[in-house]
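Presented below is the structure to which this report refers.
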Amino acid sequence: MVLRRTCKEVSALLIAREDRPLPLADRVALRFHLAACKTCPVFERQVLTMRNAMRQWRNYAEDESTPGH
């Protein structure tokens, strides 16, 4: 099992994690890389911010389409 991943590979894993569960080896490699890298955790926070913004937008859009709002 290779645990070393490049920043490019980690970026792809962070995005893929939004759509599907990652295999154990990828989750472990991701955790190791994020602990050692300075820039990838910033990208991870950006992805999480976008996820939360989209969730809020979806909830807002659903509230607006509900009769009586």
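Checking each residue in the range 18-38 for being within 21 Å of Ala53 (Cβ to Cβ) and modelled with pLDDT of 95 or more picks out only Arg20. Within the range 1-38, the set of residues being assigned to a loop (DSSP other than H, G, I, E, B), open to solvent by 50 Å² or more (accessible area, probe 1.4 Å) and aliphatic (A, V, I, L, M) comprises Met1, Val2, Leu3. Are there any pairs with C-beta distances below 8 angstrom linking a residue in the range 42-59 that is under 15 Å from Ile15 (Cα atoms) and in contact (Cβ under 8 Å) with a residue 12 or more places away in the chain to a residue that is part of a helix (DSSP H, G or I) and not β-branched (Val, Ile, Thr), with the two at least 6 apart or on different chains, and if so which? Taking only residues 6 or more apart or on different chains, the pairs are Phe43/Ser11; Phe43/Leu14; Glu44/Leu14; Glu44/Leu34; Val47/Leu14.
The values are calculated or read from the model by the stated rules, or taken from the named source; none is laboratory data. Quantities reported herein were computed from a predicted structural model and do not represent experimental measurements. Please note: Cβ atoms are built from the backbone with ideal geometry, for glycine as well, and neighbour counts cover all protein chains shown. Side chains are part of the model used for accessible areas, which takes the heavy atoms of the whole protein and leaves out ligands, DNA and RNA. Shrake-Rupley method; radii C 1.70, N 1.55, O 1.52, S 1.80 Å.
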